[in-house]
Amino acid sequence: MINLGELAMKKTLIAIAALAAVGAASAQSSVTLYGVADVYAGQTKTTLTLPAWGQDTPTAVAVRPIPMRKIVNKDTGFKSGGLQGSRIGVKGVEDLGNGLKAVFNYEIGFDAINGNGYATGINGQPTNGLAFNRRAVVGLQGGFGSVLLGTDYTPLFNLLDASSVDGLSSFETVSAHIYTPRASGVHYAGNFSGVGIQAFAGYNKVSETQSDAWGSYNETTKEQGYGLGVSYANGPFMVGVAGQEFKNSYSDSDPSSFQIKRTEAAVGATYDFGAAKLFANYINARLRATDDGASMGKLKAEEANIGVRVPFGAASVMAGYGHNRVKAYNGNGGQLGSAKGNDWVVGANYAFSKRTDVYARVGRTDDLKAKLADGRDIGSYKVENVAVGLRHKF
């Protein structure tokens, strides 16, 4: 039986190899095929507590304390993408003269355990086949920096990646739920004497009109986002700040309108003492929803993370700690509840070469214990990881 997923994967790799061969034949342009294969063995234990059956109804809120139930899921075995997501990428550059270059970069994520590609787009939506779902950009580069069109990582993501002790791995204390990692639109990046500037802006609007004997009906959806990041690096020291905002809105001719706005900001820093390197960052996020201009409620989330990495020749040890806090409010501004928790990770790496290393990690992520505004417990969530893995870059 023909496996359509494997067939699609083979066709994609053949196409990439063909691009690389064509690029190598040109003296003024180059195409590079690269990737990461990251595999680990371990266990992920997820523990969720919720109000017991029948206790999550409005009439049961008066019960003190609220009876709870616990759900524990253990996933043990081999997995892909521990320290880095497994990927295959192709990037290229063409010299256009006078210091100007055309560049592109496209990346496919894949499962390094079974070789299957992920048939989902960058935003997690299903596709008809394999998708360049990690990075997809083309643009121009010169002394002014680079201007890229497509979907790329945001300045806030890049700052967190640089200021996190485990580089936003699967075991990192930085929560992936609190920020938006990628955006579509136009992206700028430049570095001027140690000062790095990154920015992006994106906009998409879809309008539809239907008409018949009873009249016409209009429907419009809009997506827009923008962000800016500034950093400074000098010797062993780096510090940066970044912010971004996204709006998703819907309106029709009823009239009716609905909007969700996400505002996210972060500050991060590192300092390399030689004997040890320190990492720290802080993230603040806001989520607001409105219906016909009236507030439906908001969510505030913040977290602070610190970490240290100590090298010993080809080996290194690391440790990280993070504190999370979330508050929920109703449309009138009254607090509904809150949650907080603490994440941690410890681990070690050994590098056989610049391209190949082994690693071990133990830690806890996404730890949150939730309470109502009156102080009663209404649930908790945490993920515990134990892993030993191998990463190869090619």
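The values are calculated or read from the model by the stated rules, or taken from the named source; none is laboratory data. If you're wondering where the values come from, they're calculated on a predicted model, not measured in any experiment. All Cβ positions, glycine included, derive from the backbone under ideal geometry; neighbour counts span all protein chains shown. Surface accessibility is based on the protein's heavy atoms, side chains included, excluding ligands, DNA and RNA. Shrake-Rupley method; radii C 1.70, N 1.55, O 1.52, S 1.80 Å.
Things to note:
- Scan the stretch 219-233 for residues that are open to solvent by 70 Å² or more (accessible area, probe 1.4 Å) and either over 26 Å from G185 (Cα atoms) or touching a helix residue (DSSP H, G or I) at 6+ places or on another chain (Cβ under 9 Å) (or both) and the total you get is 1.
- Positions within the stretch 234-247 being out of contact with any helix residue (DSSP H, G or I) (no Cβ under 8 Å at 6 or more places or on another chain) and surrounded by 15 or more Cβ atoms within 10 Å (Cβ to Cβ), in sequence order: V239, E245, F246, K247
- Unmet requirement for L368, which otherwise passes all of (1) surrounded by fewer than 16 Cβ atoms within 10 Å (Cβ to Cβ); (2) within 21 Å of the chain's Cα centre (by Cα): (1)
- Each residue in the stretch 253-288 was checked for being of a type in the set (S, T, Y) and assigned to a loop (DSSP other than H, G, I, E, B), and 1 of them qualify.
- Residues that are under 11 Å from the mean Cα position of the chain (by Cα) and open to solvent by 50 Å² or more (accessible area, probe 1.4 Å), drawn from the stretch 130-189: N158, D161, S170, A176, H177, R182
For (1) surrounded by 15 or more Cβ atoms within 10 Å (Cβ to Cβ); (2) over 22 Å from V137 (Cα atoms), each residue gets a yes or a no:
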| residue | (1), (2) |
| --- | --- |
| I66 | yes, yes |
| R69 | no, yes |
| K74 | no, yes |
| S80 | yes, yes |
| G89 | yes, no |
| G97 | no, no |
| K101 | yes, no |
| F104 | yes, no |
| G109 | yes, no |
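- Screening the stretch 190-203 for residues that are without any contact (Cβ under 8 Å) to a residue 24 or more places away in the chain and not hydrophobic (A, V, I, L, M, F, W, C) and picking the one that is surrounded by the fewest Cβ atoms within 10 Å (Cβ to Cβ) gives S193.
- Test set (1) assigned to a loop (DSSP other than H, G, I, E, B); (2) in contact (Cβ under 8 Å) with a residue 60 or more places away in the chain - L168 fails condition number: (2)
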